[in-house]
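The structure appears right after this line, and notes come after that.
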Amino acid sequence: MGRHLAALAALPLLAFGGGAHAAPSDPIGDLLMNALTGTVPGSADYRLRATLYHAGAKGVGGLDSLGCKVVAMRTAAIDRNLIPRRTILFIKETVGLSMPDGGTHDGYWYASDVGGAIKGQRIDLFTGAGAGSMKPMRPLNLSQLTVTKAGQFKGCPPN
């Protein structure tokens, strides 16, 4: 493990032709390292238990708690005491999953909904229309997802 970390640490030096030692406050190197490791500067990781919800289930409407249309594989319901609404979330375990449009998921979700049962270290992910929309999420270990705050959004999440 230590050799792998040392090799990753050397990448910014190799990519930019730097000297023998990286400066601890090298912004270009930090950006490259964050891109390689999938981390977001200044963010906190949460280990959250996830549940799934879909259109057609009891109590699920077409709008989130902001009054915006829920978006398949993008809308997340959160506990506002843990994660504020309008937070962009990165869930690394969802990267590469199939999207309803045939594309692959980039891992980004939008905290725009809340739910009565979503308290504390929990997150509820909207998968789309009908129970069959949950199929791409079934291989995941929903008991512990890595969730990172990746920014904020205004208005409604993009479709």
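Here the relative contact order of region 54-126, from alpha carbon pairs under 8 Å that lie six or more residues apart, stands at 41 percent. Net charge of the neighbourhood of residue 145, taken over other residues with C-beta under 11 Å away and scored Lys/Arg +1, Asp/Glu -1, is +2.
Only lysines eight or more places from residue 92 in sequence, or on another chain, were considered; those with a Cα closer than 27 Å are 69, 119, 135, 149, 154.
Protection proxy ranking for 136-147, 76-87, using the average of other Cβ atoms within 10 Å per residue and placing the highest first: 76-87, 136-147. Among 101, 113, 106, the ranking by other beta carbons within 10 Å of each residue's beta carbon, starting with the fewest, stands as 101, 106, 113.
Taken together, the values in this text are just the output of simple stated rules run on the coordinates, not laboratory data. In this text the structure is predicted, and so the values were computed from the model without any measurement. FYI the Cβ positions are ideal-geometry reconstructions off the backbone, even for glycines, and counts take in every protein chain you see.
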